[in-house]
1. Within the stretch 132-139, is even one residue in contact with an Asp or Glu (Cβ under 8 Å, 6 or more places away or on another chain), of a type outside the set (S, T, N, Q) and modelled with pLDDT of 95 or more?
2. Could you count how many residues in the stretch 150-186 are under 17 Å from Cys111 (Cβ atoms), surrounded by 15 or more Cβ atoms within 10 Å (Cβ to Cβ) and hydrophobic (A, V, I, L, M, F, W, C)?
3. Could you list all residues from the stretch 108-151 that are over 24 Å from Glu60 (Cα atoms), of a type in the set (A, V, I, L, M, F, W, C) and touching a residue at least 24 places away in the same chain (Cβ under 8 Å)?
4. Select, from Gly110, Gly121, Gly125, the only residue that is at positive phi and of a type in the set (Gly, Ala, Ser).
5. Do any helices (runs of 4 or more DSSP H) lying entirely in the stretch 55-158 carry at least 3 residues that are under 14 Å from Leu175 (Cα atoms), and which ones are they?
6. May I ask you to verify whether Tyr74 is surrounded by 15 or more Cβ atoms within 10 Å (Cβ to Cβ) and in contact with a Phe, Trp or Tyr (Cβ under 7 Å, 6 or more places away or on another chain)?
7. Answer yes or no: is there a residue in the stretch 194-201 that is outside any helix (DSSP H, G or I), modelled with pLDDT of 50 or more and out of contact with any strand residue (DSSP E or B) (no Cβ under 8 Å at 6 or more places or on another chain).
8. Run Phe52 past the list (1) aromatic (Phe, Trp, Tyr); (2) under 17 Å from Tyr157 (Cα atoms); (3) modelled with pLDDT under 90 and report the number of the one that doesn't hold.
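The values are calculated or read from the model by the stated rules, or taken from the named source; none is laboratory data. Quick caveat, the model's predicted, so the values are computed rather than measured. Virtual Cβ from ideal backbone geometry, glycine too; neighbours counted across all protein chains shown.
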Amino acid sequence: MPDHRAQRPDRRVRRGRLRVQHEGARANDDLDGDITSKVWKDGDTVTTSGAFYSRRSCREIKTQYAAAQSGEYYITTYIASTQSFQRTLVHCDMHSTNVAGAAPGYTYYGCDGCDRVTPYGNAQGDCPARGLEMAQFASGNDDNTKKWASTGAGKSYFGASYFPADATAKTDKYLCSTNDQSTSANAETAHAHALTHDQIERAEAGNYVINYHV
């Protein structure tokens, strides 16, 4: 059995332009020894979660800032029914790779207590009211992010109830998305300059729980 040892997640509240350093994590495997280089984290977005308000998806964030970590970010969504834009807090899976081995950035919003529908098909539920669509998982291309959301790191944020055991069952909990992970960068993002961490650093008040995975 692998022996994964990590420091406690950082649960402090950060405000303003506060710089925060956390100890990180180390991991050891009985077979391979030190596998710290394989550790990845989710939730370490204190200085980036509010830095991309104008971006429309996690893919756009990842296109502009390749070092973006998985976690919560604010994006701008468009509500067609009211013809208005709004700031929406989503969870970005920046770690999962597609069939080509690239990590494009997947956008998820947990719709809880929403209109009951059979999820991840044609029914949209209440996703359009958030300026989003029902999350779609293309067989093969999106297998890794679906695993992340249903049984992996994403499960700790959304819970198993977002993926009913009976795929035909109706539920009031499901994931909404922008479903643009396979979309080429648009004219705006295609010409965006690559950013460094210091250029996008902007702390957002709130609680940030950093989880480490191997």
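1. Yes.
2. Adding up the residues that qualify gives 4.
3. Of everything in the stretch 108-151, those that are over 24 Å from Glu60 (Cα atoms), of a type in the set (A, V, I, L, M, F, W, C) and touching a residue at least 24 places away in the same chain (Cβ under 8 Å) turn out to be Cys114, Val117.
4. Answer to the check: Gly125.
5. 143-150, 155-158
6. Yes; evaluated as a whole, the condition is true for this residue.
7. no
8. Tallying (1) aromatic (Phe, Trp, Tyr); (2) under 17 Å from Tyr157 (Cα atoms); (3) modelled with pLDDT under 90, Phe52 fails exactly one: (2).
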